[in-house]
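The structure appears below as structure tokens.
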Amino acid sequence: MPPTSTLQDPLGQSDAFVEFQRRLARAAKVDRPVLIIGERGTGKEMAANRLHYLSKRWEEPLVTLNCAALAPTLIESELFGYEEGAFTGAVGRRAGRFETADGGTLFLDEIGNIPVEAQEKILRVVEYGSFERVGASQPTQVDVRIVGATNVDLRQFAAEGRFKEDLLDRLSFEVLFLPPLRERREDIPILANHYASRMAFELGQDQMPEFGVGAMEALEEYSWPGNVRELKNVVERAIYRAESEVITEIVFDPFNSPYNPVAKPQIPPAPAPASAASHEQETNSLRGAICTLEIEYLQRALANAKFNQKRAADLLGLTYHQFRGLYRKHANTLKEMSSTPNT
């Protein structure tokens, strides 16, 4: 078994997340290159780590290179190493990432940033398992599994001549698409509570923090352009700033100045629900007819689900997030109708 301190259990129970983990575990067992595609902050490096430690290479090295963190002129020497005197400043022989990863996995993060010249040599490693260090005349043999990750369209890059089509064909034995957080909203409470407990422990707090209803709803409704990484920052900020055990304030944008007279509210307000009176005024309009139909469906679904909102959402064919938005829209009307005695 892989060391538990290295392999972290993924957090999530949404269909999209579970399906991704199933595909990842299946791909891990086949000793072929894999590409992981995902937006920023979705956890591509964690997915690559899990892929390695679920593979038969888990006892061998996992070596990572962030290709966006290096100048294009340095990537080749980082990947393949160099001989003494290969260029100015090359003192002694240095092994590259391919040699270091021999027998294991080489994770190339932001693989779209690799210059075409280096892609030629990577293709040779994939096809023949050999390469030459910068300044060397003899080939070096390695056995390395390549896992690449990116948030760009590599097929578009290939069409523009920025990525070799032959290399893309060889690296895309399997392509795994990480779901963005907006497609796995059921996981937001799980992730938020996880990061909250970790932050509370880091701060030495004795009590586990709890999110108020409004705060959790704000987290669930936010669009999360920065995905899980952004969620982690937002939650940790909320725990750090909280003055009680119940979290009521969520700051999505820390750059909102308190001195700006038109500063945006930190927690988006819920849509103003329609009252029963306004509902009656609109019954003759198209909007009123739609509202009437929505309210009837909500009442029927809630009654059939014995007022279990999650079950009612399923009956209506809605996600829980969609149901909550519709319910808040008509909350006042539903409450007034429920409190009016039948005549």
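Tabulated results
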| read-out | value |
| --- | --- |
| Residue match in segment 49-72 (condition: part of a helix (DSSP H, G or I) and farther than 20 Å from L176 by Cβ) | yes |
| Looking only at segment 151-181, and only at residues there that are touching a residue at least 24 places away in the same chain (Cβ under 8 Å) and among the charged types (D, E, K, R), the one that is nearest to P10 (Cα to Cα) | E174 |
| Subset of segment 232-263 that is without any contact (Cβ under 8 Å) to a residue 24 or more places away in the chain and among the polar types (S, T, N, Q) - its residue that is farthest from P189 (Cα to Cα) | N260 |
| Of residues in segment 182-204 being part of a loop (DSSP other than H, G, I, E, B) and in contact (Cβ under 8 Å) with a residue 12 or more places away in the chain, the one nearest to the chain's Cα centre (by Cα) | R184 |
| Number of the exception - V63 against (1) under 25 Å from G129 (Cβ atoms); (2) at pLDDT below 95; (3) aliphatic (A, V, I, L, M) | (2) |
| Residue within segment 176-186 that is crowded, with 17+ Cβ neighbours inside 10 Å, at pLDDT 95 or above and under 30 Å from E120 (Cβ atoms) present | yes |
| Any hit, segment 127-134, residues being modelled with pLDDT of 85 or more, part of a helix (DSSP H, G or I) and surrounded by 15 or more Cβ atoms within 10 Å (Cβ to Cβ) | no |
| Criterion (over 25 Å from L54 (Cβ atoms), modelled with pLDDT of 95 or more and outside any helix (DSSP H, G or I)) met by exactly one of R162, R155 | R162 |
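The values are calculated or read from the model by the stated rules, or taken from the named source; none is laboratory data. Source: prediction; values computed, not measured. Positions of Cβ are backbone-derived with ideal geometry, glycine not excepted, and every protein chain shown enters the neighbour counts.
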